[in-house]
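**Q** What follows is a structure written as structure tokens; I'll ask about it next.
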Amino acid sequence: MSALSRKPRPHFNVRRVGGPLSSGPNAQHVIIDGYAPSQMIEDLRKYQAELEIQNKALRYSQQEAEGASERFATLFSSVPLALMVVDEGGLVLASNAMALRLFQPLESDPPLNFLLPFVGPEHTDEVAVAFSSARQEGTAEVNEVQFFAGTKGTFTGDLHIARIENPSDDLAHFSCAIIDQGPLLTQRHALLESAAVLRQRNEDLLLSENRMAAIINSSLDAILCIDDKQLITVFNPAATALFECPVEQAFGTSLGRFLPDVEKALSSGNVSAQAMLGEFTATTLSGKQIYVEISVSLERRLRTRTPFRADDPNAIALRGQPGGQGSITTIFARDLTSKKLAEAQRIALETQLRESQKMQAMGTMAGGIAHDFNNILSAILGNVDLAKQDTPTGSHALVSLEEIDKAGRRARDLVRQILTFSRNEPPKRVPLQLKEVIQETQRLVRVAIPPGVDLRVSISEGCPLVLADATQVEQALLNLCTNAILAVGQHKGSVTIELGTTELSLPFNDRIGVPPGRYVTLRVRDTGSGMAQETIERIFEPFFTTRQVGQGTGLGLAVVHGIMQTHQGGIDVQSAPGQGSVFTLYFPATGAKPLPTVEPEPVQVVEGRGKHVMYVDDDQALVFLVNRVLTRKGFKVTVFSDPHEAEAALRSQPESFDLLVTDYNMPGYSGLDLLRDAKAIRADLPVALASGYVTPEIEQQALEQGASALIYKPNDVNELCETVQRLISHHDA
């Protein structure tokens, strides 16, 4: 309401004429400052009316002010915002219900008298500076302030400060509004987490796309992608190599350019989303026909994806809009050349495995036969030697004994060949020059070579050394030369021994089963009848022979095969009917230096001198033979055919024996068992283990149990006597 105009209250000077002022009839004759009483009364009435109007206006203004105050108080108390009136000393002059609910949620909580005690210590200084700034500037605000909410913990809010004009008081007053940021912070954190998740998904998507691109580019199979028009959109490096076409020329061309039959199959619409189509004929860029195996993967999309270009307004307009049906077909093409090669290699490996298993089985059988045959040969040769000693010179029986001895030694050599074939053990290889082995072998071959066969030797200079067992290599070379001479037969021809070096690499080294590298080649070439392919596939089988009865046992090449296996080498055969044969042995070259030459020890005369020897063997013939041989040499011999009886005798008189010689292969109680028990009874007793089939495992076990020597059967009786005397002499020393 507008303010009323206020007139000054009239001031009258009353002048009395003649006597005191009265209200009688003479009163109208009173003159007051020139006003007649009637006039003055009229003015007073007007003034009174004006005062009543002003009073009414004041009452209305008061009512309006009281209503506004009530409305402000209602708004101040009920607004969903924490409001306070605070002076510059921090005293809270007024606070609404929302502020009390935030700062004093429980009646037992401290009252909201001062604001700063409810501010967290890390924000106290910042709030104080804000009040000082509001005093100077009029307003201030502090964001994300930590406040104490009584005993219920804390909350985070934004503090807004506005100065209130208060001229009647020296202390400045401020209106403070606190906005609880808890829900907003939760939403903000949720948005930040969502943004982080979205960013991580984008990174994962990019990483997935890069990984997929890397997989496609590094795949060994050709990968092509075509759109719904069967135009090529993806062409990986393997496809470039397979179809002999650069990527630039492949993009945008029709699938039928390279895979016409596949294009027809896809056009028929009978292909499922994931399908193996099988083998197809493909065409390279140059027109060459190749064979591939095809599988497809079909992906249907609402819109065919095209690379996005920022400068293309049409691409921008189409983003996010639905479109027609589209499809991306991925085609995997595998070159069947590698598959066929792998299949051929698998068949070759299976064949090699079967041959290896066959050789292993035959070796086990041969080892078992050789064990029993060894004992028989040892008895025969030993008794022949004793009989020769007892037969006078010039006797006709001595001739027969010599022939028996020769036949027995040939049988012993045959058994050694069987053992060489059957023992799948590494030979005692030393750095060796194969030239020396060839020179030694050719002297043996020339003795038995027919007149019509010419033996030639060709040795390349500078051949490196190999790790080899000279005896086994000599045996392998002798077997090859013998076969070559028999192949030439009674016709004129030649057998050539060649020594050289070569470098083996894929695929030849894989065919003969050796790693790539440098090899020394030992080749035996003949001009004989040659062999068919069917014969070549079986020549290394034990006891397989094409010779007539009496010309061969079928063990020669099997022994050569076994020797090359133990020398980590390989063997190759080239032959054709009527064109001769070439056998090539491949020995890995070595850079090791040759071993120094050791002078052989002189042969000593065996003299037993009464030394007591215990001999244990389950073969009665060998027990009888060894007893006679050692007794003749001056040894005292106690023999046993039962190892349990031998163990009991040794336990009863352990100090009466100077040496124990025991067979290894005895049923129920082996030589190792007797060796172990003998060492437990008397640790210093020398023990020799004899066997015709000594494997590396047996040798290692014997040495671990304390064996002093290993005796291989069959051996000469003189060799046995020398071994016995050496062991006893070393023990005495």
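The values are calculated or read from the model by the stated rules, or taken from the named source; none is laboratory data. These numbers come from a predicted model, not from an experiment. Here the Cβ positions follow ideal geometry from the backbone for every residue, glycine too, while neighbour counts run over all protein chains shown. What goes into the accessible areas is simple: the full protein's heavy atoms, side chains included, and nothing from ligands, DNA or RNA. Shrake-Rupley method; radii C 1.70, N 1.55, O 1.52, S 1.80 Å.
**Q** Select from 496, 484, 459 the residue farthest towards the positive end of the dipole of region 421-502; place +1 on Cβ of Lys and Arg, -1 on Cβ of Asp and Glu, and compute about the Cα centre.
**A** 484
**Q** Another question, then. Return the FRET efficiency for the residue pair residue 353, residue 653: r is the Cβ-Cβ distance, R0 is 56 Å, and the value is rounded to the nearest 0.05.
**A** Given R0 = 56 Å and the Cβ-Cβ separation, E is 0.55.
**Q** Taking amide hydrogens as modeled 1.01 Å from N in the peptide plane, which residues meet the under 5 Å criterion relative to residue 120, leaving out close sequence neighbours?
**A** Correct list: 146, 147, 148.
**Q** In debye, nearest 20: dipole of region 627-719 around its Cα centre with unit charges on the Cβ of K, R (+) and D, E (-)? Write out the running numbers ahead of the final one.
**A** Working: 9 positive and 14 negative charges, 75 e Å.
The dipole of region 627-719 has a size of about 360 debye.
**Q** Excluding same-chain residues fewer than 8 positions from residue 435, which lysines have a Cα within less than 16 Å of its Cα?
**A** 593
**Q** Considering only protein heavy atoms and a 1.4 Å probe, what is the carbon-and-sulfur percentage of the accessible area of region 111-230?
**A** Here carbon and sulfur together make up 56 percent of the probe-accessible area.
**Q** Quick one: pull the percent of accessible area on region 441-515 belonging to carbon and sulfur, 1.4 Å probe, ligands and nucleic acids left out.
**A** Solvent-exposed carbon and sulfur of region 441-515 make up 53 percent of the total.
**Q** Mind running the shape call on region 198-308? Use the C-alpha gyration tensor, a ≥ b ≥ c as the square roots of the eigenvalues: rounded below 1.5 for a/c, prolate if a/b tops b/c, oblate otherwise.
**A** On the way: a/c = 1.91, a/b = 1.48, b/c = 1.29.
Prolate, because a/c is 1.5 or more and a/b exceeds b/c.
**Q** Okay, next question. Taking H as built 1.01 Å from N, whose amide H comes closer than 5 Å to the amide H of residue 639, not counting residues under 5 places away?
**A** Close amide H contacts, sequence-distant or interchain: 615.
**Q** Per residue, how much accessible surface does region 69-128 expose to a 1.4 Å probe? Answer in Å², no decimals. If you can, show how the numbers build up before the last one.
**A** Working: 3420 Å² over 60 residues.
Accessible area per residue, region 69-128: 57 Å².
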